[in-house]
Amino acid sequence: MSNNSFRLNRRDLLVGGTAAAGAYMAGSFMPLIAQNAPDLGVPSVVQVGFRKQKLGDMEIIALNDGVLRRPLAAEFVRNAPHEQVKEALKSQNLPTEFIDIPFTAFLVVAGNRRVLLDTGFADNGGATTGRLMANLNAAGFKADDIDTVVISHYHGDHINGLRNKAGALVYPKAKIMVPSVEHAFWMDDARMEAAPAPMKGAFQAVRRVFNGLSAEQLQQFEPGKEIMPGLKSVAAFGHTPGHTLFVAESKGEKFAYVADVTNIPQLFARNPDWAVQFDMNADAARETRRKTFEMIVNDKMMAGGYHFPFPAFGRIERLGQGYDFKPVA
């Protein structure tokens, strides 16, 4: 899919681009919860929040950053009846009144390289987030060990962990690599000025994270290019204009980090034509989702997703007209 093919239609702007996405991209689900919402309780936090998997000569480490709970609003799935969505959850013995959304970044350890894929919230999120650093330490690494941070897209829960609340870089020795298409979209001042008011906060949040970085610190790449030996980027546009996934390969074994190709696999892998409210271009995201899952199944890849249930590793299998995520044991 080319850069020029990405368009936001009026429905995308009103539903995915502003009403929900403004708050989501800024890094918090809290503004999406109605003031009179019932008490949904506190989601349980993963006690051992890292998981290591060998991949040939590489090691892939899932690093959980926590979880947030939000009511299952009718608009969460934009193109399916609310009762049908609830039935899909009920059939898997999942709650139907709320959704727990986990956040899991991945560390690629390859020789002397330490490459972090996405960053979580740091101390910019809710009380049940910001666990990534503690889990990184528990897995045997420090912030200074990270030599490269690779960003899949510019939603707040993926980029806010680059800086703490005070504005300091969390990974001071790391170069930061970002998709050129994504960067161009969000750093366009004219586009920010023309954006509806609820979406302006998303543009401002991006600037808070990336402004002030030197050319040496911030490096752009074209989706589809190799990031480093054994780690390739793959254009996966739709969720955002430059959303990108990554495939690691070593000794014939492959791992695909799909980022937000699917949000909550129990819903959107099993029903890949459903559109989550955070997809900025629902049609493009739907096409990307099916293409990605077919690639993973056909190439027998291990898969990991930012919002997959921890340990966030597993296999993708075909299931009816959709797909199923099978976590590692």
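The values are calculated or read from the model by the stated rules, or taken from the named source; none is laboratory data. This is a predicted model, so every value here is computed, not measured. Backbone-built Cβ (ideal geometry, glycine too); neighbour counts: all protein chains shown.
Structure notes:
- Taking the listed residues A122, A205, the one that is outside any loop (DSSP other than H, G, I, E, B) and either of a type in the set (S, T, Y) or crowded, with 20+ Cβ neighbours inside 10 Å (or both) is A205, with no other qualifying.
- Pair list, Cβ under 9 Å, 6 or more apart: segment 261-276 residue part of a loop (DSSP other than H, G, I, E, B), other residue buried (at least 23 other Cβ atoms within 10 Å of the Cβ) and charged (D, E, K, R): V261/R289; T262/R289; N263/D279; A269/R289; P272/R289; D273/R289
- Members of segment 236-271 that are surrounded by 19 or more Cβ atoms within 10 Å (Cβ to Cβ), over 22 Å from V77 (Cβ atoms) and touching a Gly at 6+ places or on another chain (Cβ under 8 Å): A248, S250, F255, A256, Y257
- Residue match in segment 231-245 (condition: out of contact with any Phe, Trp or Tyr (no Cβ under 9 Å at 6 or more places or on another chain) and closer than 30 Å to K52 by Cβ): yes
- Residues in segment 170-208 that are under 24 Å from G224 (Cα atoms) and of a type in the set (A, V, I, L, M, F, W, C): A174, I176, M177, V178, V181, A184, F185, W186, M187, V206.
- A residue that is under 25 Å from I159 (Cβ atoms), touching a residue at least 60 places away in the same chain (Cβ under 8 Å), touching a His at 6+ places or on another chain (Cβ under 9 Å) and not in a loop (DSSP other than H, G, I, E, B) cannot be found anywhere in segment 289-311.
- Here is the figure for segment 142-168: residues that are free of Cβ contacts under 8 Å to residues at least 40 places away in the same chain and either surrounded by fewer than 18 Cβ atoms within 10 Å (Cβ to Cβ) or farther than 14 Å from Q220 by Cα (or both) total 8.
Quick grid of which residues meet (1) more than 26 Å from F237 (Cα to Cα); (2) at pLDDT 95 or above; (3) part of a helix (DSSP H, G or I):
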| residue | (1), (2), (3) |
| --- | --- |
| L13 | no, no, yes |
| T18 | no, no, yes |
| Y24 | no, no, yes |
| A34 | yes, no, no |
| D39 | yes, no, no |
| E59 | yes, yes, no |
| A62 | no, yes, no |
| L68 | no, yes, no |
| Q92 | yes, yes, no |
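- When A127 is tested against the conditions (1) exposed (fewer than 15 other Cβ atoms within 10 Å of the Cβ); (2) in a helix (DSSP H, G or I); (3) not β-branched (V, I, T), the lone failure is (2).
- Qualifying residue in segment 201-223 (condition: of a type in the set (D, E) and either touching a Leu at 6+ places or on another chain (Cβ under 6 Å) or closer than 20 Å to A259 by Cα (or both)): yes
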